[in-house]
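Q: What follows is a single structure, and I will ask about it in a moment.
The values are calculated or read from the model by the stated rules, or taken from the named source; none is laboratory data. This structure is a prediction, so every number in the text was calculated from the model and none was measured. We place every Cβ from the backbone using ideal geometry, glycine too, and count neighbours over all the protein chains shown.
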Amino acid sequence: MHAPASRPPVEVNGRTYRWPACPTVVICFDGCDPSYLEAASAAGVIPTFDRLREEGTWASALAAMPTFTNPNNVSIVCGVPPAVHGVSGNFYIDRETGEAVMMVDATPMRAPSLLAAFSQAGASVVALTAKDKLRKALGRDLSGIAFSAEKADTATAAENGIDNLAGLVGRPAPDQYSADLSLYVLDAGIRLLETRRPDIMYLSLSDFVQHKHGPEEPEALAFMAEIDRRVDALITMGALVGIVADHGMNDMSNADGSSNVVYLGDVLDKAFGPGRIRVVCPITDPFVRHHGALGGFVRVHLQQPHIDVSAVAEFLRNTPGVAMALLREEACARFDLPEDREGDIAVIADRGIALGARATDHDLSQLAGQRLRSHGGLSEQTVPFILSRPLAPGAMPSGSLRNYDIFALALNGVEA
């Protein structure tokens, strides 16, 4: 039962959220650059999205920087930027210990999620993700259902709040490198809405298709059509649906199809001496076959204290392919990042260029002949921001709209 009048608002991370008046579903459409919606609309394969453009709320928002999966999913479910929740990459170097940390659980999180807060207030909450690397973060302190499509076949009531997902969805867990990984999340959400009607659902998809296919390719258009049908099903069942992306996507290849990469580790070794400067690629995660651990943002760590960080930053600013090289304090102030998890220098690529460490650190054979398509920089920061219902007058924020505003507007801002 949804009884917003009898339920006090939920406060978390300095924001107040009204109790949902109907089932509220927020979809993180991983890698959904606005160009995919434009191409699919032009091809006539997304009638539901086209209808929402006219009947709902249709805007653009900025993703959290760097534009990677983990920082943005955590930002969305916490409603705040990385400076608050602490997750600023899929992979980072702990400045105190010097150890490399890959985010595979909730350990790096420093803030509660609104999913957990609502569940603890008595709401029925579901968090479904394509990739298991996110499950523990999204399900942190959540009293409800939390599972990944990747590990759906091993979900248990004790660990995930539900079992027999194959029976629920009608098919076993999909391959982790497939379009069906995302569709499985949506199908599971549809079935849970049919059978349990939760108050809040968060559905986080995979960007497998966008890494492999450009917006106008048949595979991408077919995928967009399948997503469109499932969004329509959720709306038809009475859910308020919000859709944002964690990042956009850009082609980072040369005209001949080869990857357009600047290996900053090799460049810095040549300029300052080998082993003196370390380049860390925070896009690194268990799914590197998507992108070869190459993206539009890297962190530079000086390995020796006597190296002049300003000189290194200035050198990087003059390196072809580099759009921006910011000292740690500048990067954190500009992008709301946690200082203790930032490198000495944050480096952002020009559009269409990927940054890497050393050439020997990246196995591009995993791209299997595909053009390199990736994300991480400012060129992938603009993302769709869609609600299935219009906003009430004055509800839109006066400043920059962020992807992590989606729950606030879905719960507080739509017309009654």
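Q: Residues of the stretch 214-243 being in contact with a Phe, Trp or Tyr (Cβ under 8 Å, 6 or more places away or on another chain) and assigned to a helix (DSSP H, G or I), which ones? Break it down into steps so the answer makes sense when it comes.
A: Step one: filter the stretch 214-243 for residues in contact with a Phe, Trp or Tyr (Cβ under 8 Å, 6 or more places away or on another chain), giving 215, 220, 224, 227-228, 231, 242-243.
Matches in the stretch 214-243: A220, M224, I227, D228, V231.
Q: Just the residues that are buried (at least 21 other Cβ atoms within 10 Å of the Cβ) and either among the basic types (K, R) or closer than 16 Å to R135 by Cα (or both), please, taken from the stretch 183-199.
A: Once the filter is applied, which keeps residues that are buried (at least 21 other Cβ atoms within 10 Å of the Cβ) and either among the basic types (K, R) or closer than 16 Å to R135 by Cα (or both), the stretch 183-199 yields Y184, V185, L186, A188, G189.
Q: For the stretch 177-214, which residues satisfy the criterion of being within 20 Å of N250 (Cβ to Cβ) and hydroxyl-bearing (S, T, Y)?
A: Passing the criteria: S182, S206.
Q: Does the stretch 299-307 contain at least one residue that is touching a Ser or Thr at 6+ places or on another chain (Cβ under 6 Å), outside the structural domain of H213 (by TED's automatic domain parsing) and touching a residue at least 12 places away in the same chain (Cβ under 8 Å)? Full working, then the answer.
A: The initial filter retains those residues of the stretch 299-307 that are touching a Ser or Thr at 6+ places or on another chain (Cβ under 6 Å), namely none.
No: the stretch 299-307 contains no residue that is touching a Ser or Thr at 6+ places or on another chain (Cβ under 6 Å), outside the structural domain of H213 (by TED's automatic domain parsing) and touching a residue at least 12 places away in the same chain (Cβ under 8 Å).
Q: What about P108, is it assigned to a loop (DSSP other than H, G, I, E, B) and either assigned by TED's automatic domain parsing to the domain that holds R351 or touching a strand residue (DSSP E or B) at 6+ places or on another chain (Cβ under 6 Å) (or both)?
A: Values: assigned to a loop (DSSP other than H, G, I, E, B): yes; either assigned by TED's automatic domain parsing to the domain that holds R351 or touching a strand residue (DSSP E or B) at 6+ places or on another chain (Cβ under 6 Å) (or both): no.
Answer is no for this residue.
Q: Is one or more of the residues making up the stretch 259-282 in a loop (DSSP other than H, G, I, E, B), in contact with a Pro (Cβ under 8 Å, 6 or more places away or on another chain) and in contact (Cβ under 8 Å) with a residue 12 or more places away in the chain? Walk me through how you get there before you give the answer.
A: Looking only at the stretch 259-282, we keep the residues that are in a loop (DSSP other than H, G, I, E, B), and these are 260, 273-276, 281-282.
Imposing the further condition that a residue be in contact with a Pro (Cβ under 8 Å, 6 or more places away or on another chain) reduces the set to 282.
Filter once more, keeping what is in contact (Cβ under 8 Å) with a residue 12 or more places away in the chain: 282.
Checked against the condition, which is being in a loop (DSSP other than H, G, I, E, B), in contact with a Pro (Cβ under 8 Å, 6 or more places away or on another chain) and in contact (Cβ under 8 Å) with a residue 12 or more places away in the chain, the stretch 259-282 yields at least one hit.
For (1) in contact with a strand residue (DSSP E or B) (Cβ under 9 Å, 6 or more places away or on another chain); (2) among the hydrophobic types (A, V, I, L, M, F, W, C), each residue gets a yes or a no:
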position: Y17; (1), (2): yes, no
position: C22; (1), (2): yes, yes
position: F49; (1), (2): yes, yes
position: E55; (1), (2): no, no
position: A64; (1), (2): yes, yes
position: N73; (1), (2): yes, no
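Q: Which residues, taken from the stretch 21-71, are in contact (Cβ under 8 Å) with a residue 24 or more places away in the chain and on the phi > 0 side of the Ramachandran plot?
A: Scanning the stretch 21-71 gives a single hit, G31.
Q: OK, next. Right, T97: assigned to a loop (DSSP other than H, G, I, E, B) and either among the β-branched types (V, I, T) or farther than 28 Å from G214 by Cβ (or both) or not?
A: Details: assigned to a loop (DSSP other than H, G, I, E, B): yes; either among the β-branched types (V, I, T) or farther than 28 Å from G214 by Cβ (or both): yes.
Yes.
Q: Would you mind finding the one in V300, V231 that is surrounded by 17 or more Cβ atoms within 10 Å (Cβ to Cβ) and more than 30 Å from G56 (Cα to Cα)?
A: Values: V231 fails: more than 30 Å from G56 (Cα to Cα).
Unique residue meeting the criteria: V300.
Q: Next question, about the same structure. Tell me the residue from V383, V347 that is surrounded by 23 or more Cβ atoms within 10 Å (Cβ to Cβ) and in the same structural domain as K270 (by TED's automatic domain parsing), please.
A: The unique qualifying residue is V347.
Q: Report, by residue number, each residue of the stretch 117-143 that is free of Cβ contacts under 8 Å to residues at least 60 places away in the same chain and hydrophobic (A, V, I, L, M, F, W, C).
A: Answer for the stretch 117-143, where residues must be free of Cβ contacts under 8 Å to residues at least 60 places away in the same chain and hydrophobic (A, V, I, L, M, F, W, C): just L142.
Q: Within the stretch 72-94, which residues are in a strand (DSSP E or B) and touching a His at 6+ places or on another chain (Cβ under 8 Å)?
A: Within the stretch 72-94, I93 is the sole residue that qualifies.
Q: Among the candidates G343, G352, G376, G399, which residue alone is out of contact with any strand residue (DSSP E or B) (no Cβ under 8 Å at 6 or more places or on another chain), among the small types (G, A, S) and not in a strand (DSSP E or B)?
A: When all the criteria are applied, what remains is G399.
Q: Hey, another quick one. Just checking, does the stretch 276-286 include any residue being among the β-branched types (V, I, T) and either closer than 30 Å to I190 by Cα or in contact with a Phe, Trp or Tyr (Cβ under 6 Å, 6 or more places away or on another chain) (or both)? If you could, list the steps in order and put the result at the bottom.
A: Here is the first cut: in the stretch 276-286, the ones among the β-branched types (V, I, T) are 277, 279-280, 283-284.
Subset that is either closer than 30 Å to I190 by Cα or in contact with a Phe, Trp or Tyr (Cβ under 6 Å, 6 or more places away or on another chain) (or both): 283-284.
The answer is yes; a qualifying residue exists.
Q: Give the stretch 150-160 a look and list any residue that's surrounded by fewer than 19 Cβ atoms within 10 Å (Cβ to Cβ) and in a loop (DSSP other than H, G, I, E, B), or say none. Walk me through how you get there before you give the answer.
A: Let us first name the residues in the stretch 150-160 that are surrounded by fewer than 19 Cβ atoms within 10 Å (Cβ to Cβ), namely 151, 153-154, 156-159.
Matches in the stretch 150-160: K151, T156.
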